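Visitor: Here it is, the structure, as structure tokens.
We did not get these values from a lab; they are worked out from the coordinates using the rules stated. This one's a predicted model, so the numbers in the text were calculated from it and none came from an experiment. No Cβ is skipped: glycine too gets one built from the backbone with ideal geometry, and neighbour counts run over all protein chains shown.
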Amino acid sequence: MQLQQLQYFVAVAETRHFTRAADLVHVAQPSLSQQIKALERELGADLFQRARGNITLTDAGEALLPLARRILADADTARHEVQELAQLRRGRVRLGATPSLCTGLLPDVLRAFHDRYPGIRLLVEEGGSHDLVRELARGALDLALVVLPLPSPSPALATVELLREDLVVVSSSDAPPPGPAGRRTVRIADLAGARLVMFRHGYDLRELTVAACRAEGFEPEFAVEGGEMDAVLGFVRAGLGVAVVPRMVAARSGHGLRVTPLARPGLHRTIALAHRSDVAPPRAARELQRMLLER
């Protein structure tokens, strides 16, 4: 008994027509009929009553039909499970993330993922949340780490909150932080007298910082603007100004920078993991998602 024979049998049982069944399973009608006859010989019983073009199931056919459907379903499940396991030995994951998350959150998680699944290629695309949402929507990414709230919420995307991250002020280690001497924190209002090193337009941290300054009644002054994370940290290290950056990034920034917390209530951002809601991510992407959520 072959799976193909059971597939042909179920097709005839459901259509009650040999020609239509052959079209359904994409095989020539004579070949389908031959396989059904071979199955009947194997089982030692007729499965169909063929009377003047009227095809009905015999008692043996009625008994076989639910079993055949179950066998075919189990075969599909087995095939799917094996393919899913194979995807963890080879394949790829396309992950989008903001540059600050590539610097702060991702290195340790991606190292752990690569150690566990060395055959999976990791393709990382940096961008702002707006760009990453667009790439997700068009199917160019499997997962994306974005900052909430999304710039343009979409019902086609599913998001799950990953972490709430504090922002801090970084300045050159050769210069004091903004604000009165001796204070261990910086208020947003203290930035009114400071020259800021500012990210490019479209960068989530730029909008958040500028909005916080305006809420305190002043327009921030930029010493340098337009950089990505590494450039901003380099400009601050060189003494061109101060910047507001995520705490995780500051912790990895190395020598040459002074890190000062913001005074309460401070500034925070919420990081979420997003994927398309209408398409399940590949198995490897789901495994990376699990590791990010459990980090």
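Visitor: Got the relative contact order for the stretch 1-147 handy, in percent, Cα pairs under 8 Å and 6 or more residues apart?
Guide: Numbers: 152 pairs, mean separation 27.5, N = 147.
Reported as a whole number, the value is 19 percent.
Visitor: Something else about it: Take Arg264, project a point 7 Å from its Cα along the Cβ direction, then tell me which residues of the stretch 187-220 have their backbone nitrogen under 19 Å from it.
Guide: Residues 187-190 fall inside that zone.
Visitor: Sticking with the crude label model, points 7 Å out along Cα→Cβ, report the distance from Met291 to Val279 in nm, one decimal please.
Guide: 2.3 nm
Visitor: Relative contact order for the stretch 116-275: what is it in percent, counting Cα pairs under 8 Å that are at least 6 residues apart? Numbers along the way, then the final one.
Guide: On the way: 274 pairs, mean separation 62.5, N = 160.
Reported relative contact order: 39 percent.
Visitor: Still on this structure, please answer the following. Suppose R0 equals 35 Å; then what is the FRET efficiency for Ala86 and Ile55 from their Cβ-Cβ distance, rounded to the nearest 0.05? Let's see the in-between values first.
Guide: Numbers: r = 40 Å, r/R0 = 1.13.
That gives a FRET efficiency of 0.35.
Visitor: Nothing charged except the Cβ atoms of Lys and Arg (+1) and of Asp and Glu (-1): what's the magnitude of the dipole of the chain about its Cα centre? Round to the nearest 20 debye. Working shown, then result.
Guide: Details: 37 positive and 34 negative charges, 56 e Å.
Roughly 260 debye for the chain.
Visitor: Using packing as a proxy for protection, rank 63-71, 270-278 so that the peptide with the highest average count of other Cβ atoms within 10 Å comes first.
Guide: Numbers: 63-71: 15.1, 270-278: 17.8.
Descending packing order for the listed peptides: 270-278, 63-71.
Visitor: What distance in nm separates the two pseudo spin-label positions at Asp174 and Ala112, each 7 Å out from Cα along the beta-carbon direction?
Guide: It works out to 3.9 nm between the two label points.
Visitor: Another question about this same structure. Quick one: compute a quarter of the convex hull surface over the Cα atoms of the stretch 46-97 and quote it in nm². Walk me through the numbers on the way to the answer.
Guide: Numbers: hull surface 26.8 nm².
Averaged projected area of the stretch 46-97's Cα convex hull equals 6.7 nm².
Visitor: Taking the Cα centre of the stretch 153-192 as origin, sum charge times position over the Cβ atoms of Lys and Arg (+1) and Asp and Glu (-1), and report the length of that vector in debye to the nearest 20. Write down the numbers at each step before the final one.
Guide: Working: 4 positive and 5 negative charges, 36 e Å.
Charge dipole, the stretch 153-192, about its Cα centre: 180 debye, nearest 20.
Visitor: Determine the dipole magnitude for the stretch 1-120: charges of +1 sit on the beta-carbon of Lys and Arg, -1 on that of Asp and Glu, nothing else is charged, the reference point is the Cα centre, and the result goes in debye to the nearest 20. Intermediate values should be presented prior to the final figure.
Guide: Details: 15 positive and 13 negative charges, 79 e Å.
Around 380 debye, computed over the stretch 1-120.
Visitor: While we're looking at this one, here's another question. How far is the Cα center of the stretch 130-197 from the Cα center of the stretch 1-61, in Å?
Guide: If you average the Cα positions of each part, the centres end up 63 Å apart.
Visitor: Then there's this: Within the stretch 112-207, report the GluC sites (Glu not before Pro) that DSSP leaves as loop and that have at most 11 other Cβ atoms within 10 Å.
Guide: Sites meeting the loop and neighbour criteria: none at all.
Visitor: Still on this structure: Relative contact order of the chain, please, whole-number percent, based on alpha carbon pairs below 8 angstrom and at least 6 residues apart. Walk me through the numbers on the way to the answer.
Guide: Values: 467 pairs, mean separation 62.2, N = 295.
After rounding, I find 21 percent.
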